[in-house]
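Enquirer: My questions all concern the structure below.
The values are calculated or read from the model by the stated rules, or taken from the named source; none is laboratory data. Since the model is a prediction, treat every value here as computed from it, not as a measurement. All accessible areas refer to the heavy atoms of the entire protein, side chains included, with ligands and DNA or RNA removed. Shrake-Rupley method; radii C 1.70, N 1.55, O 1.52, S 1.80 Å.
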Amino acid sequence: MAKLSYDILEKFGALSTSKSGWELQLNFVQWGENKPKFDLRSWSPDNSKMGKGLTLSHDEIVALYDVLTKVLAAEHAPVTDVTGNDDVDTQPDNTDDDKPKWGRLDEM
């Protein structure tokens with residue numbers, strides 16, 4: 001099997017670290033002679049080994065940013081009255097029922 005050639009051109013940061021020291025990192029990586037892409041995967045502490053991951057083009061990472069912005073905005077959005085009834089209190093009461101399910105995953 002041929003050796004996989006890669007060059008980490010820029011490290012943007014780690015999202016998490018496992019007990020073994022491997023980090024889930026977002027990097028800008030050139031794989032072989034291909035055009036560099038944004039790369040999200042786990043890496044060993046010395047970046048000599050990598051786990052499975054995904055690569056994203058510039059357009060894909062911009063689209064991901066847009067989606068994540070919407071997801072995160074939903075966690076902080078005020079509750080609004082969509083029925084047209086002005087007598088309803090539309091102020092959020094910050095109960096767990098108002099939070100999106102993904103905002104409560106750590107509580108499950």
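Enquirer: Over 27 Å between Cα atoms, which of K49/K101; K11/K35; K3/K35 qualify? Present the calculation step by step, with values, prior to reporting the outcome.
Expert: On the way: K49/K101 35 Å; K11/K35 17 Å; K3/K35 18 Å.
Table pairs above 27 Å Cα-Cα are K49/K101.
Enquirer: Checking the a/c ratio against 1.5 first, then a/b against b/c, what shape does the Cα gyration tensor give for region 4-63? Before the final figure, lay out the partial values.
Expert: Details: a/c = 2.27, a/b = 1.39, b/c = 1.64.
Here region 4-63 falls in the oblate category.
Enquirer: Just to make sure I understand: if all protein chains stay in place, what is the order of F28, F12, F38 by accessible area at 1.4 Å, largest first?
Expert: Numbers: F28 55, F12 95, F38 35 Å².
Order by accessible area, largest first: F12, F28, F38.
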